[in-house]
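We did not get these values from a lab; they are worked out from the coordinates using the rules stated. Source: prediction; values computed, not measured. Every residue, glycine among them, receives a Cβ derived from its backbone with ideal geometry; neighbour counts consider all protein chains shown.
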């Protein structure tokens, strides 16, 4: 067996090890994952129809812990609250720290604590909107649980998905997490104010994102200094 063939077999084993426990339940595991995904997508489509019926602009905000999702939502909420009625749905394993922060900037917030679940799914969002009077809102942001992996498994029915990374995560963060960039409409590289100090190759991050998704819109921002927040808001159509 050639070295190339051995490497390919090893790669396949690595892929399978993330999904399969034992050979005898392999088919069941695969089929169950498919069914969960299909049911989530069907519910997400219903959610999007509901949002459109109420003329609500909706955004799924994804990104790793510490990328600056909450800080950017604070800036955005403060800027647009005089023009739009804003609801922010915050997802976290526990606490309502992020919801409390955003709420101080004239946006209504709802906290979803997922416990052991590493991402929000369409069922979480449907439960919220099914118990709210949506005529009270113009814009809904959903701040997903902080990571760059699990949210790619579940669409939430929003009009747009925004993926946020930062210069502190290193210049390889984009190419290491291609799925979310492939599935997103807007990519934000935050903490641009730290670029020089950290020596992060932002051009590489932009190039990687465009290679993964040629149609993605890319912005650099600083939630700390406010740099390009106005451009981000404009890009969101707000």
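Take the Cβ atoms of residue 39 and residue 159, set R0 to 22 Å, and the FRET efficiency comes out at 0.55. Given the options 162, 202, 145, which has the most mean-square fluctuation in a GNM of the chain, springs set between C-alpha atoms less than 10 angstrom apart? Among 162, 202, 145, the largest mean-square fluctuation in the Gaussian network model of the chain belongs to 202. In terms of surrounding Cβ atoms within a 10 Å radius of their Cβ, 183, 205 rank from fewest to most as 183, 205. When each of 82, 152 is scored by the number of other beta-carbon atoms lying within 10 Å, the sequence from fewest to most is 82, 152.
Axis angle, to the nearest 10 degrees, between helix 26-53 and the longest C-alpha principal axis of the chain: 20 degrees.
Rounded to whole Å, give me the distance from the Cα center of segment 169-189 to that of segment 77-117. Between the Cα centre of segment 169-189 and that of segment 77-117, the gap is 23 Å.
When the chain is treated as a Gaussian network with alpha carbon springs shorter than 10 Å, the biggest mean-square fluctuation among 91, 66, 157 belongs to 66. Highest GNM mean-square fluctuation among 39, 74, 171, for the chain modelled with Cα contacts below 10 Å: 39.
Dimensions of segment 87-173 along the principal axes, based on C-alpha atoms and rounded to the nearest Å, stand at 42, 28, 26, largest first. Here the contact order of segment 3-235, divided by its residue count and restricted to Cα pairs under 8 Å and six or more residues apart, works out to 21 percent. Remark: spin-label model distance residue 113-residue 55 equals 3.8 nm, labels positioned 7 Å along the Cα→Cβ axis. Taking each residue as 0.36 nm, the span from residue 230 to residue 182 lengthens on full extension beyond its C-alpha to C-alpha distance by 14.8 nm. The distance between label points at residue 149 and residue 130 comes to 3.0 nm (points 7 Å beyond Cα on the Cα→Cβ vector). Helical runs assigned H by DSSP (4 residues or longer) give the chain a calculated mean residue ellipticity at 222 nm of -12500 deg cm²/dmol, each run adding -39500 (n - 2.57) before division by the residue total.
Please compute, over every Cα-Cα pair in the chain, the percentage with a separation greater than 23 angstrom.
53
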